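Okay, so here's the structure we're looking at.
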Amino acid sequence: MDRCIVLVDAGYLLGAAASLLAGEPSRSRITVDHTALIQGLRERAESDTQQPLLRIYWFDGAPDRVPQPEHRRLRVMPRVTVRLGALTRSDGRWAQKGVDAAMHAELTELARNRACSDVVLVTGDGDLLPGMMAAKEHGVAVHLWAVQAADGDYNQSEDLVAEADERRVLDRTWITKAVRAKDYTGACAPQPAPRPEIAAILSAPLPESALGATSDRPAPQPRHPAETGPGQNGTEERVPAAKGVPTPKDLAALRAPGTQPAQQPASATLRWSSDKGWVDRPTAEPPEAASMPTLAQLTTAEQRWADREEDITTVGGDPFEVGQVFARRWVERLGDQNHLQKLSGMYPRIPHRVDGELLRYAARFGLLAHKDDQIDERDRYAIRAGFWREISVRTGVEHPPLDD
């Protein structure tokens, strides 16, 4: 049959692309436009083999062989079939199981049934060597494609390269048409400036109870910082000077009901660290935040099905884009626009209920660090930045970027 088939080892293709573009083989470091990638594979295969494409087989691993969001998007694309092996954790690392065996079985079966005249293999694993040899014995031309290695060397089995009929390298120019490294520049929050409120807390007079407790302790003999004494090894040891820094228990006593108001520093407020530095944290979430409706409460059953279809076919899974999509749906379904204005005034904080739902939605797109099944901190910044960008567009209120 005069047509071509492409067999893709996704672990090899995307891992090598991550090494090339991001410097490490972690697929969480890259963003993939699967539509552009599949189209690029099809065009290159038809050009190299001079045969029309029958099908692209996408082999990948998934926990318990459950399709992940990228797999659900791929398997509804024309001429694409997804085959999943297991993804297991061993010694703190994730490894594919059964993917090579599935590729070998598919390759030999296609060749035996004369389903194609040319097979394109995108892989580097030498375990496919017997399948490649069997395909050649059945009269199938085998094309082996490699991803450009980050160090300029080979990232494929030497025996596999030697046995192939035709060889091709997918270079950086080709890869970057569909794959790009995630840009984390500026994602980390700047160091917070010194806060006079904290200095006020530390310099506040201690309550009498705390003073009484400290007075019972034996006072160390005052020593000049330059004074030193002989250590056990004959070396000079510096004796640290005593500091009058209140303990957490002392600070709690400052706010105890029986504490005199005069002893509480007027300008001392407790603060919390966020992506904008030090931000005032109220004792409880304001009522307008607690009453903020979630996207699930605003979504009908019909809209839920439409959202699922859009997630599979349109949303690429980039963290910033995911935040924008979530915010767009939330705003469009919000009946009371006063909530939108209240939310805009809370910048950069997102109400806990909405923020939790946002991160759970992002997890559907595989934005989980495999090491601890948590969304990477840099991805969380990008998700929330996309959310606030969409809110700014809808309200016309321009918020400063979170990475300032």
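The values are calculated or read from the model by the stated rules, or taken from the named source; none is laboratory data. Treat the numbers as computed from the prediction; the structure is a model and nothing was measured. As a convention, Cβ positions derive from the backbone with ideal geometry for all residues, glycine included, and neighbour counts pool all protein chains shown.
Here is a yes/no grid of residues against (1) in the same structural domain as H104 (by TED's automatic domain parsing); (2) under 18 Å from R93 (Cβ atoms); (3) not hydrophobic (A, V, I, L, M, F, W, C):
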| residue | (1), (2), (3) |
| --- | --- |
| V8 | yes, no, no |
| G11 | yes, yes, yes |
| S19 | yes, yes, yes |
| E24 | yes, yes, yes |
| S28 | yes, yes, yes |
| R42 | yes, no, yes |
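If the requirement is being assigned to a helix (DSSP H, G or I), at pLDDT below 85 and of a type in the set (K, R), which of these qualifies: R360, R384, R394?
On inspection, the qualifying residue turns out to be R394.
Take segment 102-135 and flag every residue that is of a type in the set (D, E) and over 18 Å from D60 (Cα atoms).
Residues satisfying the conditions are E109, D118.
Looking at A111, A146, A105, which is the one that is surrounded by fewer than 21 Cβ atoms within 10 Å (Cβ to Cβ) and in the same structural domain as I38 (by TED's automatic domain parsing)?
A105
Tell me, which residue of segment 83-122 that is at pLDDT 95 or above and of a type in the set (V, I, T) is nearest to T35 (Cα to Cα)?
V122
Which residues, counting only those in segment 161-185, are assigned to a strand (DSSP E or B) and either of a type in the set (S, T, N, Q) or on the phi > 0 side of the Ramachandran plot (or both)?
None - no residue of segment 161-185 is assigned to a strand (DSSP E or B) and either of a type in the set (S, T, N, Q) or on the phi > 0 side of the Ramachandran plot (or both), so the list stays empty.
Please tell me if L298 is over 22 Å from the mean Cα position of the chain (by Cα) and at negative phi.
Here the answer is yes, as L298 does meet what is asked.
In the set G356, G323, G317, which member is on the phi > 0 side of the Ramachandran plot and out of contact with any Cys (no Cβ under 9 Å at 6 or more places or on another chain)?
Sole residue among the options that is on the phi > 0 side of the Ramachandran plot and out of contact with any Cys (no Cβ under 9 Å at 6 or more places or on another chain): G317.
A178 is checked against (1) under 18 Å from M103 (Cβ atoms); (2) in contact (Cβ under 8 Å) with a residue 40 or more places away in the chain and fails just one. What number does that condition carry?
The number of the failed condition is (1).
Within segment 322-341, how many residues turn out to be in a helix (DSSP H, G or I), of a type outside the set (A, V, I, L, M) and at pLDDT 85 or above?
Qualifying residue count for the region: 7.
So how many residues does segment 149-160 have that are outside any loop (DSSP other than H, G, I, E, B) and loosely packed, with under 14 Cβ neighbours inside 10 Å?
2
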